[in-house]
1. To the nearest 10 degrees, how steeply does helix 130-139 sit against the main Cα axis of the chain, on a 0 to 90 scale?
2. Compute the angle between helix 155-167 and the longest alpha-carbon principal axis of the chain, please, reported from 0 to 90 degrees and rounded to the nearest 10.
3. Which label marks the calculated value of percent of Cα pairs over 28 Å apart, given the options (i) 52; (ii) 36; (iii) 26?
4. Mind giving me the FRET efficiency for residue 100 and residue 201? R0 is 25 Å, r the Cβ-Cβ distance, nearest 0.05 is fine.
5. So how tilted is helix 101-113 from the main axis of the chain? Cα-based, degrees 0 to 90, rounded to 10.
6. Highest mean first, what order results for 47-53, 207-213, 61-67, 28-34 on Cβ atoms within 10 Å?
7. Any chance you could check the Cα centroid distance between the stretch 207-252 and the stretch 71-91 for me, in angstrom?
8. Which percent, to the nearest 5, of DSSP beta bridges fully inside the chain are antiparallel?
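The numbers here are math on the coordinates, done by the rules we state, and not lab data. What you see is a predicted model, and the numbers here were worked out from it, not measured in a lab. Quick reminder, even Gly has a Cβ in these numbers, built from the backbone with ideal geometry, and neighbours come from all protein chains shown.
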């Protein structure tokens, strides 16, 4: 490995996932440095989502290893992996639309306490979670919406709420799956700043299509194509890589070049 083990929070070595003869992830060796925002980019079908599913154990690798904080976690299940501090967000809308904003965060805090979904408990017994829930809402700029119905929030604010519920699980490594997908410019800008803010004392690995987001907040970028890493490094370096430009041509090649 190129970095000392204490600098690397997550490393994969020759990770492979094959589906009936189709190789979706083809020998990926990747290092995520502690305290960084690391972006995983690549054309559609490059294997990004499959790679995320391997990290969170929704899929088992065909071969290769996953090491987290120096420990081989390849054979652990999804719940054990999450308990170690690897938490994924944004793959689906992970909030309850008919509950209030504060209640959504409180449920996430209950999950972290191991008292998940005790809906029949008295309101009073859950009040002690309110202070922490309000702190988390303040962190993502939703304090004033605490009593609002979640369904009434704008799309960008729903995504901010998902970020708050993810933070309630106290992740050490946050995996963000397309955090700005489907957003207008204003929401993209708000959520990008939020990710930067909450990443201040955490590590973030994100799959993201929006190159202006990637170029503005990611310290390291890994580019996947057909299940392989074809380039890795800072945006300025990766965006000039001939192989990367070729991989994006015909789809978002212009966007890759124009996101400075």
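1. Tilt of helix 130-139: around 40 degrees.
2. Between the helix axis and the principal axis of the chain, the angle is about 90 degrees.
3. Label of the calculated value: (ii).
4. Numbers: r = 28 Å, r/R0 = 1.12.
The value I calculate is 0.35.
5. Rounded to the nearest ten degrees, it is 80.
6. Working: 47-53: 22.3, 207-213: 20.7, 61-67: 17.3, 28-34: 19.1.
In decreasing order of mean packing, 47-53, 207-213, 61-67, 28-34 become 47-53, 207-213, 28-34, 61-67.
7. Distance between centres, Cα-based: 26 Å.
8. So the antiparallel bridges amount to about 55 percent of the total.
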